[in-house]
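One structure is given here, and the rest of the page talks about it.
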Amino acid sequence: MSGKEVVGIDINEDIVNSLNNGIVHIEEPGLDKLVAMLFASGKIIAKKKPEPADVFIIAVPTPIKEDKTANLDYVIEATKSILPCIREGNVVIIESTISPRTTIDIVKPILAASKLKVGEEIYLAHCPERVLPGQIMRELVENDRVIGGVNLRSAQKAAEVYRAFVKGELLLTDATTAEMCKLMENTYRDVNIALANEIVKISNSLGINAHEVISYANRHPRVNIHQPGPGVGGHCLAVDPYFIVEAAPKEAKMIALAREINSSMPQYVVEQVERLVPSDSKVAILGITYKGNIDDTRESPAEHVIDLLIEQGYKVVVHDPHVKEYYHPLFDIEDALNNSDCALILTDHNEFRNLKPDIFNKMRKKIILDTKDCLTGFEGTDISLYKIGHIWSTVDKLALANVG
Ligand SMILES: NC(=O)c1ccc[n+]([C@@H]2O[C@H](COP(=O)([O-])OP(=O)(O)OC[C@H]3O[C@@H](n4cnc5c(N)ncnc54)[C@H](O)[C@@H]3O)[C@@H](O)[C@H]2O)c1
C-alpha cells in the first residue's frame, strides 16, 4: 500500500453504497478483504461525483456497438465529468481500453475545454489496464505497464503515479502506441485462438485429434498454439480486435478473419451436438462464463450456443457454480444432468476438471461433449466422452455407433 488517499467514483449508486460498506460486487480473490480493510480505515471512500484531486484515473467500460464499432460514450462522459474539478498540475490517465488515437483525437480536445494547456499545464496519458481477472491483486503490482503520454512530460508525470505501487517496469511511449500495444496484446491471443479453432475443424475433417496436434506442436521450443474452445468471450479479447478493424479496415485482414472464425465456433459446437443427439434431446450446459473460475458472462459464447440449441428445438438446462443470475434459470449440477441426453461443457471451471464419472449416472444417454478439453479419467466407463478437437476420430466413430 502506498499511503495515498483515494476517492473511487462510480455513477452506479448501488456500487458506491456497497463499497462504502466494505463490500465488493465482483468475484476476485483477495479483493474483498483488502476493500473491507481500506474502507474501514477511511483511506478510500466511494462517491457518485468526482471532486478535485491530484490525479484522475478513468477506467470506465468501452464496449462495442451492434455494428462492431467502439462505444466511447462512457470515456467521453467520464472525461467531461472531471472537467469542473481539473486544476493546474493535474494528471489525467485513461486506463480503459480505447481505439487507436482516442487519447489524442477525443480525450485531449475535451480536456482542452478547461482552458489549461494539455501537456504543459495538465498532463494526459493512456496507461492500459492489463490485469488477468482472478490474478488482479498480484498482476496490478507485478506487471510491466505501458504509459503513453500526449507528450513526454505527460508520460513522465503518469509514470510517477504508477511508481508508487507498480514493481514491474514502466515503459514510456506516446499515447497512440500505448493504445495499439493494449489492443495488440488481446488481438494476438484472439488470432492465436482462431488458429487453434481452425486446427479443430481441420483435424475433425481429417479424423485426427486436434488436442494432440496442438500439444505435440507446442513441444517445439518456439511454438505456442493456444487452446481451442466454443468461441472467445469476455469484454477484452472478443471486443478489442474490432477497434483495430474499425481504425484500419483495409489493412486489418487477418484480425477480422480471426474474429470471424472465433465467432463461428458456437454454431460449430451446435453442429457437433446435432451429430451426437437428435434435436428433441435435453442438453445440460455446464459452464456459461467466458473463461474458467470467474463469474463473468459478458460476451460469453455460451449465450450463442444456448440460443442456437433452443432454435434447433433442444431442451436446454444450465448449470454454473460461479454464476448467481443469468437470463436462463440455473440448476445445480445433479438436477441439470438428471435425464439429460448430452452434457455440454463450455467452460473449464476447476469444479468441472474434478468431475468423476459417477455424477453423470442419472443422464438418460451418457454422452458428453467437452469443448474445453477438461475432463479426464473416463476411459473404461460406459460414458461416451467427446472432445471438440477429436469428435470424429476412428475410435470415437466406433463409440458413436453404440450411442442411442
Ligand atoms: N476488468 C479487467 O480485467 C480489464 C482488463 C483490462 C482492461 N480492462 C478495461 O478497463 C475498462 C473497464 O473495465 P471493467 O471490467 O472494470 O468495467 P466494469 O463495467 O466492470 O466497471 C466499470 C464501471 O464504470 C462505471 N462507470 C460508467 N460510466 C461512468 C462514469 N461516467 N463515471 C464513473 N463511473 C462510471 C460503471 O458503473 C461500472 O461500475 C474497459 O475499457 C476494459 O476493457 C479491464
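Projecting the Cα positions of 156, 23, 376 onto the charge dipole of the chain (unit charges on Cβ atoms of Lys, Arg, Asp and Glu, taken about the Cα centre) puts 156 furthest along the positive direction. Give the residue list of trypsin sites (Lys or Arg not before Pro) in segment 46-149 that are DSSP loop and have at most 12 other beta-carbon atoms within 10 angstrom. Sites meeting the loop and neighbour criteria: 48, 65, 87, 115, 117. With label points built 7 Å along Cα→Cβ from the Cα atoms of residue 271 and residue 74, find their separation and express it in nm. Using points 7 Å along Cα→Cβ, the separation is 3.4 nm. Restricting to DSSP loop positions (anything but H, G, I, E, B) with no more than 15 other Cβ atoms inside 10 Å of their own Cβ, which GluC sites (Glu not before Pro) remain in segment 1-92? Here the GluC sites (Glu not before Pro) that fit, given the DSSP loop and packing criteria, are 5, 66, 88.
If you average the alpha carbon positions of segment 222-250 and of segment 114-188, how far apart do those two centres end up, in angstrom? Result: 22 Å between the Cα centres.
The Cα atoms of segment 44-183 give a gyration tensor whose axes a ≥ b ≥ c have a/c under 1.5, which makes the shape rounded. Loop-located trypsin sites (Lys or Arg not before Pro) in segment 187-237 (DSSP state not H, G, I, E or B) with no more than 14 neighbouring Cβ atoms inside 10 Å: 219, 222. Between the residues 39, 214, 176, the greatest Cα displacement towards the positive end of the dipole of the chain, with unit charges on the Cβ of Lys, Arg, Asp and Glu, is found for 176.
Rounded to the nearest 10 degrees, the inclination of helix 152-163 to the longest alpha-carbon principal axis of the chain is 70 degrees. So which of 201/356; 80/157; 250/372; 4/157 end up more than 24 Å apart, counting from Cα to Cα? Result: 201/356; 250/372 exceed 24 Å. For the chain, DSSP calls about 10 percent of its internal beta bridges antiparallel.
Hey, with R₀ at 30 Å, roughly what FRET efficiency would residue 18 and residue 350 work out to, going by the Cβ-Cβ distance, to 0.05? The formula returns an efficiency of 0.65 here. Ordering 94, 75, 52 by the projection of their Cα atoms onto the charge dipole of segment 1-126, which places +1 on the Cβ of Lys and Arg and -1 on the Cβ of Asp and Glu, puts 52 at the extreme positive end.
Straightening the chain between residue 162 and residue 136 buys 7.8 nm, computed as 0.36 nm per residue apart minus the Cα-Cα spacing.
Stretching the chain fully between residue 184 and residue 254 yields a gain of 24.0 nm (0.36 nm per residue, less the alpha carbon separation).
Of the residues 351, 260, the one with the fewest other Cβ atoms within 10 Å heads the list, and the complete ranking is 260, 351. Using a 10 Å Cβ count of at most 12 others and DSSP loop calls, identify the longest part of the chain lacking such chymotrypsin sites (Phe, Trp or Tyr not before Pro). With chymotrypsin sites (Phe, Trp or Tyr not before Pro) excluded where exposed in loops, the chain gives 1-164 as its longest stretch. For the chain, the Kirkwood radius over C-alpha pairs fed into Stokes-Einstein at 20 °C and 1.002 mPa s yields D = 92 µm² per second.
Cut-off under 14 Å on the C-alpha distance; same-chain residues fewer than 8 positions from residue 115 excluded. Which aspartates and glutamates are left, in chain and number order? Result set, ordered by chain and number: 88.
Length gained on full extension, residue 115 to residue 205, computed as 0.36 nm times the residue gap minus the Cα-Cα distance: 26.1 nm. When only the Cβ of Lys, Arg, Asp and Glu is charged (+1, +1, -1, -1), the dipole of the chain relative to its Cα centre reaches about 700 debye.
Every read-out reported here was derived from the displayed coordinates using simple, explicitly stated rules and does not represent laboratory data. All values reported here derive from a predicted model rather than from experimental measurement. Cβ sites come from the backbone with ideal geometry, for glycine too, and all protein chains shown count toward neighbours.
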